[in-house]
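Here is the structure we will look at, set down as structure tokens.
The values are calculated or read from the model by the stated rules, or taken from the named source; none is laboratory data. Nothing here was measured: the structure is a model prediction, and the numbers come from that model. Every residue, glycine among them, receives a Cβ derived from its backbone with ideal geometry; neighbour counts consider all protein chains shown. To get the accessible areas, we keep the full protein, side chains included, count just its heavy atoms, and leave off ligands, DNA and RNA. Shrake-Rupley method; radii C 1.70, N 1.55, O 1.52, S 1.80 Å.
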Amino acid sequence: MEIDNLPSASDEVRDVNDCSICLALNQNDHLFSKKKKLLERQGFKSENCIYLKCSLCSEEVDTVLKELVQIARIIHLNEPEMYFGEDDACTPADSYSPRNEMEALNTIISLVDICLSSCKPVQLNVLQELRKAAIRMIHKYGDVYSMDAKTLGDSCVKENCLLQWGESNGVRTSLKIAYVEGAGRGAIAKEDLNVGDTVLEIPLDIVISEELVQKTTMYPILSKIEGMSSETMLLIWSMKEKHIADSKFKVYFDTLPEAFNTGLSFGVGAMMTLDGTLLFGEIMQAKEHLREQYNELFPTLCNNHPDVFPEEYYSWEKFLWACELWYSNSMKIMFSDGSLTSCLVPIAGFLNHSLHPHILHYSKADSDTNSLKFRLSRPCRAGEECYLSYGNYSASHLVAFYGFLPEGDNVNDVIPLDIDFGDDASDIITSDWSTHMVRGTWLSKNQSIFHYGLPSPLLECLCKARCPELRTKLKGSLENEMEVLNDLLSIFDGMMENLEDVNEDRSSTEWDIKLALNYKDLQRRIVSSCLNSCHAGLKTVELALYECMEEDTRG
């Protein structure tokens, strides 16, 4: 962002006191070319300077904000949002996802704050009005998802001990820990908190990072092993540290569960339930990788260095427990030297994931305070559970490595499609996308002909493969459209057959089987929506074809 103090050479005469807020695509963004095209379709560029006259009224400020939000939304699109947002290429989207909307608005607030820190007195009012307008948008959007946490009366003795330990080591927080209905432990706001407030600050000297391993007797041994990563070193360190009575982190390890109940711990019954799903392959592949990794390290380390790696700490079961700990609780932290490392952050692990998070960014260490600061991207009321975002993950990833399905519609719940268009179609099909996917069609805003709630990149490629001509409401084009929809019906029918299982145990009380069933039900719901959209699309096209033939008959 910049403050422009020079008159512009453009046709519009600008006052020397006008401000300009600049939003630009990151040249290193792997979606740069796609986002650039989408911006251009909406009348923008890859680099945009939006000017604010100091004399703008509140209505004009709102107009400028809407324009900034349109640009910022596109800048922050992730791959699924970009792929399924093709339908909104010609008209501004209301929003792509809750995460994207919060990213866009908080980016604007951040840029305005930078501007306010160095602006002229005459520019102050318009910038403050723009900031207030952005805050109002966040409130309007975020308040829809605000609700008081349903806390249980279970005791949090260990958790409170960890909070006290943290506070004695410099932790500052506006949160308390409680057991939340349906979610286990969660972090609850003790007071009303607003955008930008720091709800949790944790000194880096109580963050569990690679530096700790480097000070131990195991580091010289592990560092000599070819291919040994810092993450694996930390995993091995935590397996032993958990049992050290005088460990600095004993109070932290005491709050960890004996079982994390992620997909990596699924039993035979749950895996049988998952047969035919993406998650089945994901878990099998992950466990095979972990077993190979374990066998490469143990029992060799225990046999060669029994004093450093006691055998009783390094069984397969304890290795898997440590893997689940690091998969489900670690955070990628960027330190002041630019290094990005997986760490365990005591107390922060109580913050649960949500599709509507209060906290988006928390991974960059503050060099001035030598701490991690968890700031709010949207308000959190007293008594409300404070959520963060673990990442843009699908249901399969969250079940496999975290052990839960999030509530609500997850825009990242996609099913990849492996479609062979054939060699003959390779010269005809031109697309920005080499891979294709579907998700629940109830998320689509466009159910009209040639769309049907299905992703445009997929439909366009299938149509071009059959007939490279423009899609129109002419007889030949409509007949081609029906063939495309029938092709998709065949694909989705096959998917649904794979998801059917007459032997599912719906009466089971086992946690893993219930979670597997819930995941499989979600997959069925997605595929079922695609089937319904295809059937509805066929009826729409048939009607258009009938009308086309009627016109031909009338001459």
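A few points about this structure:
- Reachable lysines from Lys140, criterion Cα separation under 18 angstrom, eight or more residues apart if same chain: Lys66, Lys132
- Accessible area in the full protein assembly, largest first, 1.4 Å probe, for Ser315, Ser490: Ser490, Ser315
- Rounded to the nearest whole Hz, the Karplus-based 3J(HN,Hα) values (6.51 cos²θ - 1.76 cosθ + 1.60, θ = phi - 60°) of segment 141-154 follow the sequence 7, x, 4, 4, 9, 7, 7, 5, 6, 8, 8, 9, x, 4, with x at glycine and proline.
- For the chain, the solvent-accessible area with a 1.4 angstrom probe is 49 square angstrom per residue.
- Prolate/oblate/rounded label for segment 144-196 (Cα gyration tensor, a/c 1.5): oblate
- In summary, the lysines within cross-link reach of Lys248, defined as a Cα separation below 16 angstrom excluding same-chain residues under 8 places away, comprise Lys158, Lys215, Lys240.
- For the chain, a Kirkwood radius taken over Cα pairs fed into Stokes-Einstein (4 °C, viscosity 1.567 mPa s) yields D = 48 µm²/s.
- Net charge in the neighbourhood of Leu297 (other residues with Cβ under 14 Å of its Cβ; Lys, Arg +1, Asp, Glu -1) is -1.
- Among the protein heavy atoms of the chain, carbon and sulfur supply 48% of the accessible surface, probe 1.4 Å, non-protein parts ignored.
- Helical contribution to [θ] at 222 nm, DSSP H n ≥ 4, -39,500 (n - 2.57), averaged over the chain, rounded to 500: -14000 deg cm²/dmol
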